[in-house]
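Shown next, in structure tokens, is the structure this report addresses.
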Amino acid sequence: MPVRSAVAWPNDKLYLFFDNDYTRIDSLTGAVEATGLPLTNWVGLPWSPAASVWWGYGKAYFFNGDSYVRYAEGAQEGVEEWYLPPNPARTLGEFWPGIWTDRIDAALNWGNGKVYVFRGSEYMRWDMVLNQADAGYPRSIGPAWSGVWPEGVDAAVYQGGPYAYFFRGDEWRRFNLAADAVDASGQLSAFAPVPVPSGALTAARDLTLDQANGLMADLIRRGVLSLKSWTPFVDGPSGIVSPRPADHVAVEPKVVNGVTFTSVANTTVNWFDNIDQRFLIALYRLTRWMNGSAPNVSEIRHMGMGHGNGPANDCHNQGRAIDLSGLIGDVNGTPFSVEVQRDWGSIAPAAPGGLKLDNADPTARQLFRMAYRFGMFECEANGIGSGNTWPAPDLGGRGFLIYPDYGGDAALRAAHQNHMHIQVGPTRA
């Protein structure tokens with residue numbers, strides 16, 4: 001029986017939906033845990049979804065025909081009341097500007113601020129920052145997704161790590177993100193995804209120390225980053241020997257996922273240190289968000305990370321925060337350099353009470369919005385840890401991200417005209 005849709009969940013499980021039931025797979029081992037499970041386990045879900053996608057921030061979306069529902073995890077788990085009768089069905093045409101209005105066949109969150117949706121022989125890319133389909137779509141599946149069926153994808157899922165999976169009929173295909181191509185395939189009856197570390201879909205702010213340690217080790221093994229000799233990475237037959245989960249780490253060279261992190265106070269040093277491993281995962285995910293689409297970011301500049309001037313329990317001194325001050329890269333081969341001070345903080349608001357960012361250069365506006373939205377999804381937004389509640393604050397609001405248009409304390413806003421402060425965990429531990 002074909003898979004109707006698939007979704008990965010931050011509980012380290014992967015779910016495959018069929019016409020009348022679903023299967024649960026352990027993402028940590030790749031093993032099937034249970035089959036033939038009743039759809040009624042998904043509280044309020046009105047049908048077997050034709051497409052499913054984990055959104056982040058405690059939410060998932062399920063689609064069927066031209067309708068969709070939003071599902072909440074946690075204490076209020078289930079389809080949210082606004083999507084249930086006697087309220088009218090919520091439709092793609094009303095709330096998903098720019099994508100097909102009659103149906104989508106598959107969807108997957110790429111983990112970088114972009115969601116890909118598929119129908120027939122075409123796909124689109126949805127921008128989670130602007131909440132709209134990106135320009136230039138739909139496009140043909142065949143040229144862009146090497147090895148994926150050029151039409152008729154039934155389901156797709158990304159559970160974090162180096163691979164995504166596509167399904168059609170009784171077959172599956174594994175898409176290698178680094179190679180940008182399918183590298184394995186097989187029959188659905190033998191489907192076993194490559195294991196991923198615990199926490200692969202958990203927001204950085206909610207990671208445990210053990211989860212962050214496992215995710216960091218995975219990135220090192222994959223060559224995404226390397227540690228300085230002060231805090232060496234040592235693998236052992238029974239697991240990670242060093243660093244231990246509570247250890248702060250030093251990264252050398254100062255490159256994560258191909259993006260250089262440069263301190264404006266010392267541009268020549270080739271490492272950064274005293275980083276909480278949970279925040280290191282946040283930095284990796286920041287690089288993915290910043291490069292989810294053009295422009296290409298090659299360098300992130302900062303005014304503080306791993307150290308600060310405050311007390312020892314401050315989030316900077318505990319390696320849980322960055323003061324992002326600039327971004328360097330290129331747009332289709334043309335270099336750019338944007339700075340918070342010059343390209344956001346020093347300009348005037350668009351209107352009385354408006355945002356400075358609205359008057360910024362388009363490249364700066366796009367990049368700063370992306371960094372802000374990343375912080376809302378992955379770091380402390382309007383609370384600490386479980387205190388963060390949907391929806392994330394809009395630009396100009398209050399919260400734990402602080403920047404030139406910050407809507408909270410005026411003194412904090414004035415002190416952050418040359419950088420954007422992003423943190424994981426409390427300001428003072």
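The values are calculated or read from the model by the stated rules, or taken from the named source; none is laboratory data. Computed from a predicted model, the values in this text were never measured in an experiment. A quick note on method: Cβ atoms are made from the backbone with ideal geometry, for glycine too, and the neighbour counts reach across all protein chains shown.
When restricted to residues that are assigned to a loop (DSSP other than H, G, I, E, B), aliphatic (A, V, I, L, M) and buried (at least 18 other Cβ atoms within 10 Å of the Cβ), region 109-155 contains 4.
Residues are listed down the side, and each one gets a yes or a no for (1) touching a strand residue (DSSP E or B) at 6+ places or on another chain (Cβ under 6 Å); (2) of a type in the set (Phe, Trp, Tyr); (3) assigned by TED's automatic domain parsing to the domain that holds residue 49:
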{"position": "155", "(1), (2), (3)": "yes, no, yes"}
{"position": "167", "(1), (2), (3)": "yes, yes, yes"}
{"position": "182", "(1), (2), (3)": "yes, no, yes"}
{"position": "195", "(1), (2), (3)": "no, no, no"}
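Selection of strands (runs of 3 or more DSSP E) fully inside region 14-87 by the criterion of at least 2 residues being in contact with an Asp or Glu (Cβ under 7 Å, 6 or more places away or on another chain) and within 30 Å of residue 190 (Cβ to Cβ) returns 21-26, 32-38. Between 238, 226, 242, 263, the distinction of being among the small types (Gly, Ala, Ser) and under 18 Å from residue 307 (Cβ atoms) belongs to 263 only. Condition check for residue 157 on (1) in contact with a Ser or Thr (Cβ under 9 Å, 6 or more places away or on another chain); (2) without any contact (Cβ under 8 Å) to a residue 40 or more places away in the chain; (3) of a type in the set (A, V, I, L, M, F, W, C): one failure, at (2).
Within region 311-367, the set of residues being in a strand (DSSP E or B) and charged (D, E, K, R) comprises 314, 323, 330, 339.
Residue 394 passes every criterion in (1) touching a Ser or Thr at 6+ places or on another chain (Cβ under 8 Å); (2) acidic (Asp, Glu); (3) modelled with pLDDT under 95 apart from (1). Take the conditions among the aromatic types (Phe, Trp, Tyr) and surrounded by fewer than 23 Cβ atoms within 10 Å (Cβ to Cβ) and apply them to residue 368. Does it pass? For residue 368, the condition - among the aromatic types (Phe, Trp, Tyr) and surrounded by fewer than 23 Cβ atoms within 10 Å (Cβ to Cβ) - is not met. Taken over region 214-243, the residue count meeting the criterion of being exposed (fewer than 12 other Cβ atoms within 10 Å of the Cβ) and not in a strand (DSSP E or B) is 5. Against the test of being charged (D, E, K, R), at pLDDT 95 or above and under 20 Å from residue 205 (Cβ atoms), the options 378, 339 yield a single qualifying residue, 378. Annotation: of all residues in region 218-271 being acidic (Asp, Glu) and under 25 Å from the mean Cα position of the chain (by Cα), the one that is nearest to residue 289 (Cα to Cα) is 218. You will find that of 212, 203, 190, the residue that is closer than 29 Å to residue 62 by Cβ, in contact with a helix residue (DSSP H, G or I) (Cβ under 6 Å, 6 or more places away or on another chain) and of a type in the set (Gly, Ala, Ser) is 203 and no other.
If only residues of region 385-429 that are within 18 Å of the chain's Cα centre (by Cα) and among the β-branched types (Val, Ile, Thr) are counted, the one that is surrounded by the fewest Cβ atoms within 10 Å (Cβ to Cβ) is 389. Do we have residue 285 as in contact with a Leu (Cβ under 7 Å, 6 or more places away or on another chain), surrounded by 21 or more Cβ atoms within 10 Å (Cβ to Cβ), outside any loop (DSSP other than H, G, I, E, B) and touching a residue at least 24 places away in the same chain (Cβ under 8 Å) here? In short, no.
Here's the yes/no breakdown for (1) farther than 20 Å from residue 298 by Cβ; (2) touching an Asp or Glu at 6+ places or on another chain (Cβ under 7 Å); (3) in the same structural domain as residue 282 (by TED's automatic domain parsing):
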{"position": "335", "(1), (2), (3)": "no, no, yes"}
{"position": "340", "(1), (2), (3)": "no, no, yes"}
{"position": "343", "(1), (2), (3)": "no, yes, yes"}
{"position": "347", "(1), (2), (3)": "yes, no, yes"}
{"position": "352", "(1), (2), (3)": "yes, no, yes"}
{"position": "357", "(1), (2), (3)": "yes, yes, yes"}
{"position": "367", "(1), (2), (3)": "no, no, yes"}
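Here residue 179 clears all of (1) of a type outside the set (Val, Ile, Thr); (2) more than 28 Å from residue 23 (Cβ to Cβ); (3) at pLDDT 95 or above; (4) surrounded by fewer than 15 Cβ atoms within 10 Å (Cβ to Cβ) except the condition numbered (2).
Residue by residue, here is whether (1) more than 18 Å from residue 287 (Cα to Cα); (2) touching a strand residue (DSSP E or B) at 6+ places or on another chain (Cβ under 8 Å); (3) acidic (Asp, Glu) holds:
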site: 313; (1), (2), (3): yes, yes, no
site: 323; (1), (2), (3): no, yes, yes
site: 328; (1), (2), (3): no, yes, no
site: 345; (1), (2), (3): yes, no, no
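The single condition among (1) of a type in the set (Ser, Thr, Tyr); (2) under 25 Å from residue 329 (Cβ atoms); (3) not in a helix (DSSP H, G or I) that residue 389 does not satisfy is (2).
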